[in-house]
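The values are calculated or read from the model by the stated rules, or taken from the named source; none is laboratory data. Given the structure is predicted, the values throughout are model-derived calculations rather than measurements. Ideal geometry is used to build each Cβ from the backbone, glycine not excepted, and the neighbour counts take in all protein chains shown. Accessible surface is based on the protein model in full, side chains and every heavy atom, while ligands, DNA and RNA are left aside. Shrake-Rupley method; radii C 1.70, N 1.55, O 1.52, S 1.80 Å.
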Amino acid sequence: MSSRRLNALKVTLKNILALISLLLLSPLGFAQSSKPTPFFAQYQATSKGLPCGGGWQRLFQEAQHYRLQSQGDFCLFGGEVDSDVVLQWQSTRWQSIRFEASVKRWFRHDQYQGKNPSGTQMLVFKEGKLLDDPEFAPATQDPATMIQNLGLAISEQQQDLFTDYTWGDETRHYPFEWLGDDTIEFNGKPYAAYHLRQTHPKKSRVADFWFAPALNHQLIQMTVHRLGIKVLHVELTEFSAASH
């Protein structure tokens with residue numbers, strides 16, 4: 001091979017490598033790398049130092065959509081909740097397509113179904129009957145999806161946030177105050193976490209949330225205070241970035 005052709009080949013290879021580097025550093029490259037990863041997360045709850053229920057959630061891909069399944073039984077909330085949500089990934093956040101939820105209490109067992117045909121409003125049915133209350137206009141997402149989007153949003157924006165979700169017979173609207181960075185320990189290792197605070201409309205209950213970017217932006221810790229007294233502590237006890 002002549003020196004001229006060899007030099008031309010070197011230039012071509014250099015240009016190709018430069019182009020690959022540019023793509024990896026560009027917004028398009030970032031969007032591709034931010035594609036959701038299936039995961040499984042387990043949580044333990046305590047109240048005044050004593051075990052008080054727990055829960056889990058897992059995300060996995062199914063055909064063209066994703067499914068987020070979760071189950072929780074926490075003493076403070078007075079019942080067991082099972083949720084199964086079909087999701088669609090939209091660049092940097094999740095959109096609820098439909099969900100089914102079962103809420104078990106002492107003397108009640110309610111079944112809810114939700115669907116979002118327009119992408120802008122979640123229609124919720126209780127025992128097959130559409131819930132239509134002008135006081136509680138439906139939101140665009142369910143609680144499980146809201147928690148996923150909250151972790152993603154705070155990792156991207158790092159500022160005060162406002163969100164809503166439809167659950168059961170009502171829609172909740174909550175502001176979240178950005179309280180900066182913290183370090184939370186999980187499995188004996190420190191993880192950087194973003195701290196948000198949610199104030200209940202009655203202002204007697206305050207919930208703090210910590211999300212860890214290195215753990216798929218998942219909730220790593222939560223605490224609930226009533227009248228200044230901590231009544232619930234929830235922490236991540238198991239995490240794997242794969243379907244479980």
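Here are the numbers:
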{"item": "Criterion violated by Tyr112 - all others in (1) open to solvent by less than 20 Å² (accessible area, probe 1.4 Å); (2) under 18 Å from the mean Cα position of the chain (by Cα) satisfied", "result": "(2)"}
{"item": "Residues being small (Gly, Ala, Ser) and within 22 Å of Ala214 (Cβ to Cβ) - total across the stretch 55-74", "result": "2"}
{"item": "Ser83 vs. criteria of a type outside the set (A, V, I, L, M), open to solvent by less than 50 Å² (accessible area, probe 1.4 Å) and in contact (Cβ under 8 Å) with a residue 60 or more places away in the chain", "result": "yes"}
{"item": "Filter pass, Val86 being within 15 Å of the chain's Cα centre (by Cα) and either at positive phi or aliphatic (A, V, I, L, M) (or both)", "result": "yes"}
{"item": "Some residue of the stretch 62-73 being within 30 Å of Lys129 (Cβ to Cβ), open to solvent by less than 20 Å² (accessible area, probe 1.4 Å), touching a residue at least 60 places away in the same chain (Cβ under 8 Å) and of a type outside the set (Gly, Ala, Ser)", "result": "yes"}
{"item": "Residue tally, condition outside any helix (DSSP H, G or I), without any contact (Cβ under 8 Å) to a residue 40 or more places away in the chain and surrounded by 14 or more Cβ atoms within 10 Å (Cβ to Cβ), over the stretch 144-166", "result": "4"}
{"item": "Failed item, numbered, when Leu87 is tested on (1) outside any strand (DSSP E or B); (2) modelled with pLDDT of 90 or more; (3) aliphatic (A, V, I, L, M)", "result": "(1)"}
